[in-house]
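Student: Quick one: the structure is below, and I'll ask about it shortly.
The values are calculated or read from the model by the stated rules, or taken from the named source; none is laboratory data. Since we're looking at a predicted model, the values are computed, not measured. Please note: Cβ atoms are built from the backbone with ideal geometry, for glycine as well, and neighbour counts cover all protein chains shown. Protein only, heavy atoms only, side chains kept; ligands, DNA and RNA dropped before computing areas. Shrake-Rupley method; radii C 1.70, N 1.55, O 1.52, S 1.80 Å.
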Amino acid sequence: MEHWKISTSELGGDAADLMRRQIRFQIANGYMGYRGTLDEDGPEQHVGVTLAGIFDRVGEAWREPVNAPNGGYTAVSVDGVELTLASGDCARHEQALDLAAAVFSRQSVFQVNGKGVTLQSTRFLSAANPHLGVVRYTVTCDAAASLRIRTGIDGNIWDLNGPHLPGLEFATQGDVLLVHGKTQEQGIPVAVAEAVVHTLADGKQEVSEGRNLHTWQIKAEAGKTYTFDKFFAVATGNDSLEASPREAVVEMVRAAAAVGFEPCLAEHRAEWQRRWERADVVIEGDDDAQLALRFSILQLLMAAPVEGSANSIPARALSGQVYKGAIFWDTEMFMYPMFLYTWPEAAAELLRYRIHTLDGARRKAQTEGPGYRGAFYAWESQETGDDACSYFNVGDPHTGRELRTHFRDKQIHVSGDIAIAMWQHFLVTGDDSLLLEGGADVILECARFYYSYAYYKADKRRYEFLDVIGPDEYHERVNNNAFTNRVAYETLRIALELVEHLRAEHPDALEALIERLQIADELPAYAVLLREAYVPEPDPQTGLIEQFEGYFKLDDVSIEEVTSRKIHPNEYLGAGQGLAVPTQVIKQADVIMMMYLFRESFAPEIVQANWDYYEPRTEHGSSLSACAYALTATEIGRLEEAYRYFIKTASIDLKGDFKLYAGTIFMGGTHPAACGGAWLTTVFGFAGVGRHEGRLAIRPRLYPRWTRLRFSLVYQKDHFTVDVSREVLTVQAAATNRQTHQLQLVDRIVACAPGAVVTESLSPKANDDG
């Protein structure tokens with residue numbers, strides 16, 4: 001299918017090239033991720049079956065997600081020669097990823113002693129049963145040969161800071177293989193079972209070199225294809241199962257084997273079709289953009305947490321153990337909006353994770369500073385919400401020593417990012433049930449944290465937020481960061497609006513909430529803080545907003561000059577003595593991100609002035625940065641620059657255009673926040689979707705090379721199909737919609753009844769000037 005597949009025939013490359021390919025071809029289903037490695041690969045090739053929401057710590061190393069034993073392992077030898085890409089016997093290879101259903105496939109042709117051998121496999125992680133992985137494997141020899149096939153569960157696990165499952169036990173239950181163990185820190189059981197359906201001759205079961213295997217020794221006939229199907233399942237003690245993990249996985253693989261490969265694949269594809277019907281975005285006129293955007297959307301859909309899991313999407317999704325498998329502000333700011341407008345049930349699941357980890361945020365507030373209260377959400381959040389970020393966490397490549405950073409204790413904006421997302425769920429869905437489930441607690445506790453953090457400057461008669469880090473992490477411990485102050489202000493405003501909403505709609509719930517939080521005496525003070533909080537405003541002459549106090553006094557040098565001073569290519573530009581610290585060079589969009597997030601508050605000329613100032617000073621050391629500039633550029637009609645940044649963010653994983661190390665820290669993995677940014681730029685940016693005065697609003701500014709954009713939206717539980725061409729904007733309401741909506745199409749408000757189609761003519765100005 002056009003624009004629904006990526007593939008490569010690359011054979012060689014160094015370790016970095018291999019790592020980037022594995023990331024590009026990874027698959028996941030919300031419960032686990034499987035790196036894009038080959039069937040015969042082991043820990044040396046960084047095979048990783050990474051599990052969501054289960055973490056372990058060994059000694060003093062970082063806690064990180066647990067990788068399971070690899071139930072997809074298969075190795076083949078011909079005439080005693082093991083077939084691997086590294087052996088030098090591979091004449092031709094292709095591996096592919098079907099974007100429509102997250103199905104990985106490979107075909108490798110080997111030449112061994114003059115004999116041609118073809119290996120083919122198809123692999124998917126079931127979207128219907130997230131515990132289940134399925135593989136079909138075939139071997140064909142063009143001449144008679146001695147063929148050995150070993151397939152089963154590889155207990156040799158690649159970990160960054162392991163081993164997390166020491167002392168694995170190997171067992172069999174009839175034809176089912178089983179490998180199980182417990183995590184070191186908390187003793188959480190992890191079990192993997194595998195069953196094979198085949199027509200091969202009788203083989204044997206054996207434990208060999210850390211693997212539980214089925215082994216067949218076959219006198220292969222020329223031209224005959226040998227096929228078997230593998231079904232493997234993973235379960236842990238964190239899962240809600242009726243049986244133990246060991247019993248559950250055995251039952252799962254037996255049931256899947258009885259159903260068979262094709263029905264399992266059909267069920268998997270059907271679920272993916274439902275997901276794509278919600279989330280697909282069609283771009284006409286630009287094949288590169290279409291493929292990059294679909295790849296980006298796939299990454300988010302694969303990482304969406306399983307319903308009821310209380311999990312979220314980590315900064316590197318399920319592609320490995322990088323960044324400790326932690327959830328950052330990235331999720332709410334960059335990934336969450338796509339789900340909110342296409343799959344609100346998944347959006348709610350992401351927010352339930354923050355409700356679930358509220359106590360961890362409370363603990364952090366109590367321990368991180370003097371007198372802090374409320375919810376100080378973790379910079380790197382794992383299963384409990386306690387902060388996994390260490391105070392020394394970026395290595396100096398010159399000395400190998402870890403540098404002191406203040407990500408953990410001074411990145412206070414994350415609490416407000418979460419509160420804003422929680423409120424957006426209510427506004428966009430029109431459903432306040434999540435607020436009553438605990439979302440209201442989250443918002444008020446975030447407001448309470450800012451109330452406890454704010455510092456009153458009597459000489460200036462205002463509250464300030466001092467000693468913080470904004471999104472630009474190259475400048476730490478600054479005062480009155482514009483982004484941070486605005487987020488804190490909005491959190492307080494939302495908290496007071498929440499109280500008024502509950503007072504009007506759920507007075508009993510409000511009374512219980514105030515009693516539960518013991519917050520009655522503080523609420524009047526929040527109104528005072530809101531009124532007197534300092535939020536940096538544009539300079540009357542220049543229109544510029546200073547990123548933080550004193551920023552404009554820093555050395556104004558070019559990015560090229562700063563980076564030319566590096567002694568080591570992996571040198572980190574921030575922390576205490578980083579090269580960017582005394583300069584105006586910033587890591588990522590900060591003021592510009594604020595202007596996008598609160599775009600209705602800033603006139604176009606103010607946005608343009610700040611875009612022009614900060615863009616040449618932004619080093620884009622974070623994958624979050626490009627999409628913020630792309631989004632803001634669409635607001636001011638800078639469509640060519642918006643497109644340039646859109647392509648950068650949409651193709652970061654597709655092209656492998658990212659850093660593998662920051663200092664000495666390995667960072668290889670997918671970039672789901674950038675993937676979310678690609679959707680944001682397309683739908684919110686070029687299509688101009690948003691909310692205005694309580695209405696769904698659409699004001700297109702279509703990129704000139706594109707002839708059409710088509711996508712679906714969910715708004716207040718009703719469904720719409722949006723079609724943007726050069727000439728006309730068309731919105732079709734689903735016949736099943738529950739109400740008539742007042743939509744703002746460009747500058748006109750129109751009524752859109754269930755089943756109706758409404759249109760608005762688009763002038764060249766509407767498309768080109770934003």
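Student: Please work out, to two decimal places, the log10 of the ratio I(q)/I(0) at q = 0.21 Å⁻¹ from a Debye calculation in which every Cα of segment 1-56 carries one identical scatterer.
Tutor: -0.89
Student: Once the Cα atoms of the chain are picked out, what are the Rg and Dmax in Å?
Tutor: Considering the chain through its Cα atoms, Rg and Dmax are 26.9, 91 Å.
Student: I've got another one for you. Per residue, how much accessible area does segment 88-159 have with a 1.4 Å probe, in Å²?
Tutor: Details: 2000 Å² over 72 residues.
On a per-residue basis, 28 Å².
Student: I've got another one for you. With contacts defined as alpha carbon pairs under 8 Å and 6 or more residues apart, what's the relative contact order of segment 668-770 in percent?
Tutor: 23 percent
Student: With point charges of +1 on the Cβ of Lys and Arg and -1 on the Cβ of Asp and Glu, referenced to the Cα centre of segment 405-455, which listed residue (Leu435, Tyr451, Ala421) lies farthest in the positive direction of the dipole?
Tutor: The residue sitting most towards the positive pole is Tyr451.
Student: Using only Cα atoms, locate the centre of segment 1-59 and the centre of segment 569-599, then give the distance between them in Å, rounded to an integer.
Tutor: 30 Å
Student: Still on this structure, I have one more. Probe radius 1.4 Å, ligands and nucleic acids ignored: give me the carbon and sulfur share of the accessible area of the chain as a rounded percent.
Tutor: Details: 13120 of 27980 Å².
Taking all protein chains in place, the chain shows 47 percent carbon and sulfur surface.
Student: Could you work out how much longer the chain between Arg644 and Glu169 gets when fully extended? Use 0.36 nm per residue separation minus the Cα distance between them, nm to one decimal.
Tutor: The Arg644-Glu169 span can extend by a further 165.8 nm.
Student: Using label points projected 7 Å from each Cα along Cα→Cβ, tell me how many nm separate Thr8 and Lys553, to one decimal.
Tutor: 4.9 nm
Student: Further question on the same structure: What does the extension gain come out to for Asp508 and Tyr456, with contour length at 0.36 nm per residue minus their alpha carbon separation?
Tutor: Length difference between fully extended and current span is 15.3 nm.
Student: Let me ask another. List the pairs from Lys5/Lys587; Lys324/Lys648; Lys182/Lys204; Lys182/Lys364; Lys457/Lys553 whose alpha-carbon separation is above 30 Å, in the order I gave them.
Tutor: Lys5/Lys587
Student: Further question on the same structure: With point charges of +1 on the Cβ of Lys and Arg and -1 on the Cβ of Asp and Glu, referenced to the Cα centre of segment 318-442, which listed residue (Gln366, Gln382, Ile355) lies farthest in the positive direction of the dipole?
Tutor: Gln366
Student: Ranked highest first by average number of other Cβ atoms within 10 Å, how do 553-563, 643-653 line up?
Tutor: In decreasing order of mean packing, 553-563, 643-653 become 643-653, 553-563.
Student: Could you work out how far helix 523-532 tilts from the main Cα principal axis of the chain, as a 0 to 90 degree angle to the nearest 10?
Tutor: 70 degrees
Student: Note down the relative contact order for segment 506-641 as a percent, whole number, built from C-alpha pairs under 8 angstrom at least six residues apart.
Tutor: Once normalised by length, the contact order is 22 percent.
Student: If you don't mind, there's one more thing I want to ask. Quick one: putting +1 on the C-beta of Lys and Arg, -1 on the C-beta of Asp and Glu, what dipole do you get for segment 602-732 around its Cα centre, in Debye to the nearest 20?
Tutor: Roughly 300 debye, rounded to the nearest 20.
Student: Sticking with this one: Whole Å is fine, so just give me how far the alpha carbon centre of segment 266-319 lies from that of segment 132-173.
Tutor: Computed from Cα coordinates, the inter-centre distance equals 28 Å.
Student: How tilted is helix 482-505 with respect to the longest principal axis of the chain? Cα atoms for both, answer in degrees (0 to 90, nearest 10).
Tutor: Tilt of helix 482-505: around 90 degrees.
Student: How large is the helix-only mean residue ellipticity at 222 nm for the chain, computed as the sum of -39500 (n - 2.57) over DSSP H runs with n ≥ 4, divided by its residue count, in deg cm²/dmol to the nearest 500?
Tutor: -9500 deg cm²/dmol
Student: A further question follows. Solvent-accessible area per residue for segment 474-609 at a 1.4 Å probe radius, Å²?
Tutor: Heavy-atom SASA per residue in segment 474-609 reads 46 Å².
Student: Charges at C-beta only: +1 for Lys and Arg, -1 for Asp and Glu. How large is the resulting dipole of the chain about its Cα centre, in Debye rounded to 20?
Tutor: On the way: 73 positive and 105 negative charges, 125 e Å.
Its charge dipole is roughly 600 debye.
Student: Also: Compute the angle between helix 358-368 and the longest alpha-carbon principal axis of the chain, please, reported from 0 to 90 degrees and rounded to the nearest 10.
Tutor: 70 degrees
Student: Next up: Spin-label point model (7 Å from Cα, Cβ direction): what's the Glu727 to Glu221 distance in nm?
Tutor: Each label point lies 7 Å from its Cα, and together they span 6.3 nm.
Student: Ala243 versus Arg565, label points 7 Å from Cα toward the beta carbon: distance in nm?
Tutor: 6.4 nm
Student: Next question. What ranking do 474-483, 575-584 get when scored by the average of other Cβ atoms within 10 Å per residue, highest first?
Tutor: 474-483, 575-584
Student: Give me the net charge of Arg278's neighbourhood, meaning all other residues with Cβ under 14 Å from the Cβ of Arg278; Lys, Arg count +1, Asp, Glu -1.
Tutor: Once positives and negatives cancel, what remains is 0.
Student: Same structure again: Length gain on complete extension for the stretch His501 to Asp202, per 0.36 nm per residue less the alpha carbon to alpha carbon distance? Please list the in-between numbers first.
Tutor: Working: separation 299, 0.36 × 299 = 107.64 nm, distance 6.90 nm.
That works out to 100.7 nm of additional length.
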